[in-house]
Amino acid sequence: MSRRLRALALAAAPLPLIAAAALAGSAAAATQPLVSVPDNTSPALAHSQRDGALDANTKMSVSVALKLRNSSELDKFIADASNPHSPNHGKFLTTAQFNDRFAPTQSSVDSVSTYLRSQGLTVDKVSANRQVVTVDGTAAQLQTAFGTSMGRYTDTAQHRDFYANDSAPQLPANVAAVVQGVVGLDNHAVKHTNNTNKRKPNAPSGYNPTQLRGAYDTGSLGTGSGQSVALWEFDGYQASNISTYDKQFSLSSSAPKTVSVDNANYDSQPGQGQGEVELDIEIVQAMAPAASTYVYEAPNSDQGEIDMANQIASDNKVSVVSISWGSCEPDTTQSAITSTSNAIKQATAEGISFFSASGDDGSKDCTRSQTGSGVDAVDYPASDPNVTGVGGTHLTVSGNAYGSETAWSGSGGGTSTVFDTPSWQAGVGGKRTVPDVSADADPNSGYAIYSAGAWQVYGGTSCAAPMWAGLAALIGTKLGAANQALYGLKGTGFHDVTSGSNGTFKAGTGYDQVTGWGSYDGAKLAAALKG
């Protein structure tokens, strides 16, 4: 029977028959052996004290991420489309084309949704790219549906309370076969900003747009007209602060547009991350004043991050994304990383480039987390091979021209424990290294930013990331997974930063794990990428 006739037959069937068919499918799933979905327990459990069971009536929302199809083919497609030497360079996919070839099937979505509904959960939404099924329910319902207990914990290292599943979730075998991860069973993960507020002067102090464009040689590249940049945020901003910055430096930029993810509503009352969001907007506008800016705002959680990544990929209305938030790689569950990474793969297959701050704690990215200051680690999402990790330098200028740069001691860099060495990188011990590139980040050579009603001087790699996003907007050509092209240049178009360290690693000639290939000479790098 054809799919159309089968649908017509079902539509004509009596409601009791339809209900019976649904129940039969649920019963079949329920009788299958349960299979654990690995990499879905919080690393924080290893150093936390269980204080008791989570209240069974606690209302919760969980995102069930589904596996992509044809993963090897997708990786090859991204590599070819992003490689200037490939005949398929620049032949990116539309959202519909991606969904047809690589997204989870509708039958996979239906299988997962049917099972979860059979457990009393409410399917709140399915992402437009079919990668995430979001369900709501009580803790009791979730424990039953995912075959795990849930507890209240105290993180003895960070001295804060959280809840989490005690063991890996379990699902019937046919459902587990299409599930990548279950995100939201714990609320331990919190993304941190990668900026440093140096001082609050009474007037603009720190590098201004004219100095930044002069030092990094972007004056001949235009203003970014016709381009769009997305900012990846977990807080909000006040439009009046952006207007004050633009007016001070005569930028004439259009007002940023907020895109709410999971009903996040920060702009009416921004929190402690307000300075981060406002500096991201202002630095992008400083470099590409005519580009449109979309501020994606999501709840600060693994679930919020995954949903934001999928919405950016599904919307497919920007050419570049700037990320200034992250977390120490060992603090994040493997399933949360992979689920976010899958959405990033879709976006890069559509031609979207990502630039992410590499962290402000040098080679010890877990300094502010439970893993501790003595452990070398890198920051995610900067460690994702399809993301360009941006480290930090100390910049000096001569008038409005480039002077010199040294490595900033806070520049995040090191070796991933999650991602293997990509083909375009030498790597260390078979693993990817970070950062890929860099820009000014030392608060002592910081940026003039207007935030929270006052002029401030900011530094941090979260300033360096929007600097690179702004350049990508000026180049005006979709780069996709930009590392493929950037590494192929072998330093052409870069200011090679050869002195300074971030703790374990030292800057040197060529690529290093403090500043990557270095900062950009905008005009030369743009020419090299286009040539």
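Details
So that you can scan it fast, the table gives a plain yes or no per residue for (1) in contact with a Phe, Trp or Tyr (Cβ under 6 Å, 6 or more places away or on another chain); (2) buried (at least 22 other Cβ atoms within 10 Å of the Cβ):
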| site | (1), (2) |
| --- | --- |
| Y447 | yes, yes |
| T461 | no, yes |
| M467 | no, yes |
| T498 | no, no |
| D521 | no, no |
| A526 | no, yes |
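- Candidate set: segment 96-144, residues that are touching a Lys or Arg at 6+ places or on another chain (Cβ under 8 Å) and charged (D, E, K, R); chosen: the one farthest from G304 (Cα to Cα): R101
- Failed item, numbered, when G491 is tested on (1) surrounded by fewer than 24 Cβ atoms within 10 Å (Cβ to Cβ); (2) in contact (Cβ under 8 Å) with a residue 40 or more places away in the chain; (3) over 21 Å from E278 (Cβ atoms): (2)
Okay, residues lined up against (1) of a type outside the set (K, R); (2) buried (at least 17 other Cβ atoms within 10 Å of the Cβ); (3) outside the structural domain of A309 (by TED's automatic domain parsing); (4) free of Cβ contacts under 8 Å to residues at least 24 places away in the same chain:
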site	(1), (2), (3), (4)
V126	yes, yes, yes, yes
V135	yes, yes, yes, no
A139	yes, yes, yes, no
T144	yes, no, yes, no
T148	yes, yes, yes, no
G151	yes, yes, yes, no
F162	yes, yes, yes, no
S167	yes, no, yes, no
A176	yes, yes, yes, no
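- The lone criterion from (1) buried (at least 24 other Cβ atoms within 10 Å of the Cβ); (2) acidic (D, E); (3) at pLDDT 95 or above left unmet by E329 is number (3).
- If you go through segment 147-166 and keep only what is over 25 Å from L116 (Cα atoms), part of a strand (DSSP E or B) and among the polar types (S, T, N, Q), you end up with just T154.
- Flag if A336 is aliphatic (A, V, I, L, M) and farther than 18 Å from N241 by Cα: yes
- Being outside any loop (DSSP other than H, G, I, E, B), under 29 Å from N263 (Cα atoms), out of contact with any His (no Cβ under 7 Å at 6 or more places or on another chain) and of a type in the set (S, T, N, Q) is a property that T244 has.
- Considering (1) closer than 26 Å to D331 by Cβ; (2) of a type outside the set (V, I, T); (3) more than 20 Å from the chain's Cα centre (by Cα), the lone condition that L68 does not fulfil carries the number (3).
- Residue match in segment 167-176 (condition: in a strand (DSSP E or B) and in contact with a Cys (Cβ under 9 Å, 6 or more places away or on another chain)): no
- For the criterion of being at pLDDT 95 or above, closer than 30 Å to K317 by Cβ and part of a loop (DSSP other than H, G, I, E, B), A481 passes.
- The residue pairs whose first member lies in segment 196-221 and is under 17 Å from G522 (Cα atoms) and assigned by TED's automatic domain parsing to the domain that holds A401, whose second member is among the polar types (S, T, N, Q) and surrounded by 17 or more Cβ atoms within 10 Å (Cβ to Cβ), and whose beta carbons are closer than 7 Å, counting only pairs six or more residues apart or on different chains, are Y216/S519.
- Scanning segment 175-229 for residues that are among the hydroxyl-bearing types (S, T, Y) and either under 18 Å from the mean Cα position of the chain (by Cα) or over 19 Å from A291 (Cα atoms) (or both) gives T193, T196, S205, Y207, S228.
- Extreme residue, farthest from G181 (Cα to Cα), among residues of segment 129-160 that are among the aliphatic types (A, V, I, L, M) and modelled with pLDDT of 95 or more: A140
The values are calculated or read from the model by the stated rules, or taken from the named source; none is laboratory data. All values derive from a computational prediction rather than experimental measurement. With ideal geometry, Cβ positions are generated from the backbone for all residues, glycine too; neighbour counts draw on all protein chains shown.
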